[in-house]
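A short worksheet on the structure shown next.
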Amino acid sequence: MHTGKTRLIVSLPDEDIETIVNIAQKTGLTKTDVIRRAIALEKAYVEKTCAGCRFIIEEPDNTQKVIAFM
């Protein structure tokens, strides 16, 4: 029976693992949930930027910065 989930084994640089662990600690999420959120954010970013949208972050001083991934 297929559960709709696939186990995936990946190799990541130590720096990426440290980032995942740090985000998990700061947010109280599991490492798996951190990765799931990263995938969801990337999906939204790709879909929206392909449709001509921009991602903008507003800093505490109300300045805005466009986020662009290369």
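Overview of values
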read-out: Qualifying residues in region 45-68 (those that are hydrophobic (A, V, I, L, M, F, W, C) and within 24 Å of Q25 (Cβ to Cβ)) - the one farthest from the chain's Cα centre (by Cα); value: I57
read-out: In region 1-19, the residues that are surrounded by 11 or more Cβ atoms within 10 Å (Cβ to Cβ) and over 21 Å from A68 (Cα atoms); value: L12, I17, E18
read-out: Cβ-Cβ under 7 Å pairs, at least 6 apart or on other chains, region 51-65 side assigned to a strand (DSSP E or B), far side at pLDDT below 95 and among the aromatic types (F, W, Y); value: F55/Y45
read-out: Among the residues listed as V34, V21, the single one being in contact with a Ser or Thr (Cβ under 9 Å, 6 or more places away or on another chain), outside any loop (DSSP other than H, G, I, E, B) and not hydroxyl-bearing (S, T, Y); value: V34
read-out: Residue pairs meeting the criteria (Cβ under 8 Å; at least 6 apart or on separate chains; first free of Cβ contacts under 8 Å to residues at least 12 places away in the same chain, in region 23-43; second outside any helix (DSSP H, G or I)); value: I23/L29; A24/T30; R37/L29
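The values are calculated or read from the model by the stated rules, or taken from the named source; none is laboratory data. These numbers were taken from a predicted model, which means no experiment stands behind them. Methodologically, a virtual Cβ is constructed for each residue, glycine included, from the backbone with ideal geometry; neighbour enumeration extends over all protein chains shown.
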